[in-house]
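Engineer: After the structure tokens below, expect a handful of questions from me.
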Amino acid sequence: MNTPQRLLCTFTIFSTLLSTACSAQTTSSAVSFKKHVISDVFTSEGVATGDVNNDGLNDILAGPFWYEAPGWKQHRIHADTANPVPGYSTSFLNYSMDVNSDGWLDMIRFDQPGAFCDWYENPKGVNKPWARHIILATAGNETPLLVDVDGDGRPDLICNDTEKKQMLWLKAPSAKADTNWQRIVISNDSTLATHRYTHGLGWGDVNQDGKNDVIIKDGWWQSPGDVMQSPWVFHPADFGEECSNMFVLDVDEDGDMDIISSSAHNYGIWWHEQQKNGNAASWVTHEISKAFSQTHAMIMQDMNGDGHPDLVTGKRYFAHNGNDPGEYEPAVIYWFEFKPGKTPQWIPHEVDNNSGIGNRFVVTDLNKDGLPDIVTSNKKGTYYFEGQK
């Protein structure tokens, strides 16, 4: 059987199995999506959104380009492609925020793991390359986070420094025209999540003390009363296999917090049930799905308006260029409808089967119609899935 025939056979079998699995679930969902192809060229494994040109419309940023709404005209941000690895992008993840508080949206780029994290300064409507500023020269972890660590209303970065073997959070500049990211060490333990290709990172309140903690697959660092304090106390735990994004949620509604994770390069989406024995906690892993592999990014978002956070994920297509399990299977996007309880349900809904999610995607109301949309970028290109009533 030649390669095209093998791919067609794989696609047919996969679609039949997944369709059967989905039809076995009893559910009614009014959520649907209209697919828009922004670009069919591979430029980035990450994507961000926001109003780049201050015209009131949300645009799409992916790698070296931003795409202007509503027609998605392509504009260049930068031409930085230092030391590219064949088959990979120098834009591993993208985020957007107004870094220097000048009223214009900037872009944050993570190069390949262990390489540069930098930000590009919006030229305020002038047609020229965006100025590059380095945040961290050796930024590791395959799922770095942009979250508000200190509660000042400004999102900060969590990653590792692969050179100094430290886990960090980087406080975003808070004053206008300030571009200095303050470095706060979470951990100096070189054995914990300091490899450049570390998989798995989350942010949530594990012990329910009102403060969010930093989670990795081997445990969690407890947020101190003063998050500027260093180092943070680590609590060992077993959250299963190497993974991507990690979330904290009381899945079974028993009063304590559980952990959700997914395999970055193999099959598996899981929730890890916390079980208490006095002050000690143990964790029992439950499978959510093994319908597709390479779930290298996840988002928890209420997709159907029922008040429960649903799980949105999909395949990072050809993450290792054909060398991972299931790489030749369709590049799907799915959302799993979450119904909590003692026996929680995760009901799968296909969004698309020829795109995928990359390393970071976005679920947002891109067109401001009150419905969640999905924006992705990966080896298949850049896509916008418009939520439909």
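Engineer: Report the gain in length on full extension from SER101 to GLN388: 0.36 nm times residue separation, minus Cα-Cα distance, nm rounded to one decimal.
Structural biologist: Contour length minus the Cα-Cα distance gives 99.9 nm.
Engineer: Suppose R0 equals 30 Å. What FRET efficiency, 1/(1 + (r/R0)^6) with r the Cβ-Cβ distance, do ASN127 and ARG154 give to the nearest 0.05?
Structural biologist: After rounding, the FRET efficiency stands at 0.55.
Engineer: Could you give the distance between the Cα centres of region 143-222 and region 349-371, to the whole Å?
Structural biologist: Centre-to-centre (Cα) distance: 26 Å.
Engineer: Continuing with this model, one more query. Length gain on complete extension for the stretch ASP365 to VAL147, per 0.36 nm per residue less the alpha carbon to alpha carbon distance?
Structural biologist: Stretched out fully, the ASP365 to VAL147 stretch lengthens by 76.6 nm.
Engineer: Calculate what fraction, in whole %, of the accessible area of the chain sits on carbon and sulfur atoms when a 1.4 Å probe is rolled over the protein chains.
Structural biologist: 49 percent
Engineer: Report the residue, chosen from ALA172, ALA281, ALA264, that carries the largest GNM mean-square fluctuation when the chain is represented by alpha-carbon nodes joined by springs under 10 Å.
Structural biologist: Answer for the Gaussian network model of the chain: ALA281.
Engineer: Name the residue from MET107, SER89, LEU201 whose Cα lies farthest towards the positive end of the charge dipole of the chain, charges +1 on Cβ of Lys and Arg and -1 on Cβ of Asp and Glu.
Structural biologist: Farthest towards the positive pole: SER89.
Engineer: Express in Å², to the nearest 10, the accessible area of HIS286 obtained by rolling a 1.4 Å probe over the protein heavy atoms while all chains stay in place.
Structural biologist: Ignoring ligands and nucleic acids, HIS286 comes out at about 60 Å².
Engineer: For region 76-117 and region 325-339, write down the distance between their C-alpha centroids in whole Å.
Structural biologist: So the separation of the two Cα centres works out to 26 Å.
Engineer: Note down the nm distance, to one decimal, between modelled labels 7 Å out along Cα→Cβ at ASN354 and at ASP55.
Structural biologist: 3.0 nm
Engineer: Moving to a separate point now. Using a 1.4 angstrom probe and counting only protein chains, how large is the accessible area of TYR317 in Å², to 10?
Structural biologist: So the heavy atoms of TYR317 present about 60 Å² to solvent.
Engineer: Report the accessible area of HIS199, computed with a 1.4 Å probe over the heavy atoms of all protein chains in place, in Å² rounded to the nearest 10.
Structural biologist: About 20 Å², ignoring ligands and nucleic acids.
Engineer: Which order do you get for ILE135, ILE108 if you rank them by accessible area with a 1.4 Å probe, largest at the top?
Structural biologist: Order by accessible area, largest first: ILE135, ILE108.
Engineer: Set the Förster distance to 41 Å, then compute FRET efficiency between GLU163 and SER32 from the Cβ-Cβ distance, nearest 0.05.
Structural biologist: Approximately 0.30, to the nearest 0.05.
Engineer: Nearest-5 percent of antiparallel DSSP beta bridges in region 307-373?
Structural biologist: Antiparallel: roughly 90 percent of the beta bridges in region 307-373.
Engineer: How much length is gained on full extension from TRP283 to TYR328, taking 0.36 nm per residue of separation minus their Cα-Cα distance?
Structural biologist: So the chain would gain 12.9 nm between TRP283 and TYR328.
Engineer: Continuing with this model, one more query. Which entries in the list LYS171/LYS389; LYS73/LYS389; LYS217/LYS368; LYS211/LYS389; LYS73/LYS380 go over 30 Å, if you measure between the two C-alpha atoms of each?
Structural biologist: Among LYS171/LYS389; LYS73/LYS389; LYS217/LYS368; LYS211/LYS389; LYS73/LYS380, the Cα-Cα distance tops 30 Å for LYS171/LYS389; LYS217/LYS368; LYS211/LYS389.
Engineer: Tell me what the chain gives for mean residue ellipticity at 222 nm when only DSSP H runs of n ≥ 4 count, each as -39,500 (n - 2.57), the sum divided by the residue total, rounded to 500 deg cm²/dmol.
Structural biologist: Here the helix-only value at 222 nm equals -2000 deg cm²/dmol.
Engineer: Go through GLU287, GLU142, GLU163 and list them by solvent-accessible area, largest first, probe radius 1.4 Å.
Structural biologist: GLU163, GLU287, GLU142
The values are calculated or read from the model by the stated rules, or taken from the named source; none is laboratory data. In this text, all values refer to a predicted model and were calculated from it rather than measured experimentally. Reconstructed Cβ throughout: ideal geometry from the backbone, glycine too, with neighbour counts over all protein chains shown. SASA here: full protein model, heavy atoms, side chains in, ligands and nucleic acids out. Shrake-Rupley method; radii C 1.70, N 1.55, O 1.52, S 1.80 Å.
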